[in-house]
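To start, the structure itself, in structure tokens.
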Amino acid sequence: MGKKIIISIQRGIEVWLIFALTLFILGYFIFPTSSKQNTFFYIGVCIPIVLLLPAYFAKLKLQNWLIASTLIFSFYLFLNSLWSIHFSTEQTLRYLRYLFTLYCLFAAVLFVGYKKPNYSGFIFPALVVVGFFHSIYGIWDHFNTFKDPFLHRYSATYYNPIDSALRVGLLLLTCLWLMMESKTWRDKFLYLCLSIPFIIIILLAKSRGPQLALLVTLPFIAVFQEISFKKFTIFSLGILFAFGLVFFFSDSLKMLFSRGLTFPSRGEIWLVSIGESLEHFWFGQGASHKPSLKMADGGVFTHSHNILLAIFRMGGFIGASLFLVNLFLCFFAGFTERKRLEKLWVIWLLFGVLCLMTNGQYPLTRPTSLWFAYWIPIIFICASFSNFLPIRNRLIKMAGVLKE
């Protein structure tokens, strides 16, 4: 009797965990503040993961080098806080908390992928639908707030313009992917219509990083989907049609691109960041909370505005190498594995990393937009391509070579 009750409770926790993870991911377009979303994650996802740990502990194992490289890299991001030039116990405990919550996300995604192998087939359309209504409201609010809406940069709720463009950029790529996979013209037209508010927001946000990242990422959809020239032409015409609708209903082309294509202060920030990195080349200056970068003119910035340089600055050559190896394995899996829809996570990661190359910071953080663009796709790639570079097979081959 007691065992049945325990099993029933365990199943209830498992069902809740699947629901909670889904709500957390969709929550980037639902929760009114980041603190509420984070609180929900800590209570709704982290606690159930801890409760389920005894039941699944025996099944925990490193399946492939994707998972191993991700866990090693993320652990190193915490570890180098111990030799930070700005070391403090409070700061180290903060990064330990960040690592714990990240590992909880990792465990939750792996668990959901194990229980629901087709989870990606649900979450992608769900994100598009929820993001569509969120974007429609955001556009209405933007035009209702400003007398000259095209002169002001769009920012949704508690997100700045860059993060807003990053999030809807991921949704636009998802829309286009699903449009290409759709079998009927009705579904293709539906996804095309759903993509229009995402395009509007990307233009209104006037954020050049996500805009350029989008242009670089789009061709990879055609590569991963292995589409013919005819389909690619239709795909391109669909995008042009959506952009045409935006400009047809607004005489605003000049205002939308009024900020030009330059990246203010980025060059100077990056040079200062590289200079500091070279002073602590191998292991970096250590992770620290918002360490200032002082410019020659007296200006101060709190981060490197480039995820690779931020890792190089705080984690040194070792940290940057672990970051690049992890990215290489993720992208290589996308090109070699046959799972079709799951490759969309690789598209997400590519777009996210490109965006973070102009505004990224140290990746070990509390749940933020960086999680949405970087950690979530990486972890789903690990869960989706579990047979990629399996550790056990490699070790067996190595043992055989040593015996010979």
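Here, each number is a calculation from the coordinates, and none is a lab measurement. All values reported here derive from a predicted model rather than from experimental measurement. A quick note on method: Cβ atoms are made from the backbone with ideal geometry, for glycine too, and the neighbour counts reach across all protein chains shown.
For the pair Thr33 and Thr302, the difference between a 0.36 nm per residue extended length and the Cα-Cα distance amounts to 94.6 nm. Going by neighbour counts of Cβ atoms within 10 Å, the residues Phe372, Phe241 line up, fewest first, as Phe241, Phe372.
Put a dot 7 Å past the Cα of Leu82, heading toward its Cβ, do the same for Lys61, and the two dots end up 2.9 nm apart.
You can think of it this way: the chain between Val216 and His289 has 23.1 nm of extra reach, that is 0.36 nm per residue less the Cα-Cα gap. Distance between the pseudo-spin-label points of Leu278 and Ile72 (7 Å out from Cα toward the beta carbon): 2.9 nm.
For Glu268 and Ile5, what is the calculated FRET efficiency with R₀ set at 45 Å and r taken between the beta-carbons, to the nearest 0.05?
Working: r = 63 Å, r/R0 = 1.41.
The calculated FRET efficiency here is 0.10.
Provide the packing ranking of 80-92, 340-352, 321-333, i.e. peptides ordered by the mean count of other C-beta atoms within 10 Å per residue, highest first. Intermediate values should be presented prior to the final figure.
Values: 80-92: 15.0, 340-352: 22.5, 321-333: 18.1.
In descending order of packing, they fall as 340-352, 321-333, 80-92.
Going through the DSSP H helices of the chain, which span 24 Å or more along their own axis at the Cα atoms while scoring at least 0.0 as a mean Kyte-Doolittle hydropathy? Display every interim value, and only then the final one.
Values: long enough: 2-26 (36 Å, 1.43); 89-115 (39 Å, 0.67); 119-145 (38 Å, 0.88); 161-181 (30 Å, 1.31); 185-205 (30 Å, 1.66); 208-225 (26 Å, 1.19); 229-248 (28 Å, 1.79); 307-336 (32 Å, 1.96).
TM-like helix candidates: 2-26, 89-115, 119-145, 161-181, 185-205, 208-225, 229-248, 307-336.
Gain on full extension, evaluated as 0.36 nm per residue between Leu23 and Leu51 minus their Cα-Cα distance, stands at 8.2 nm.
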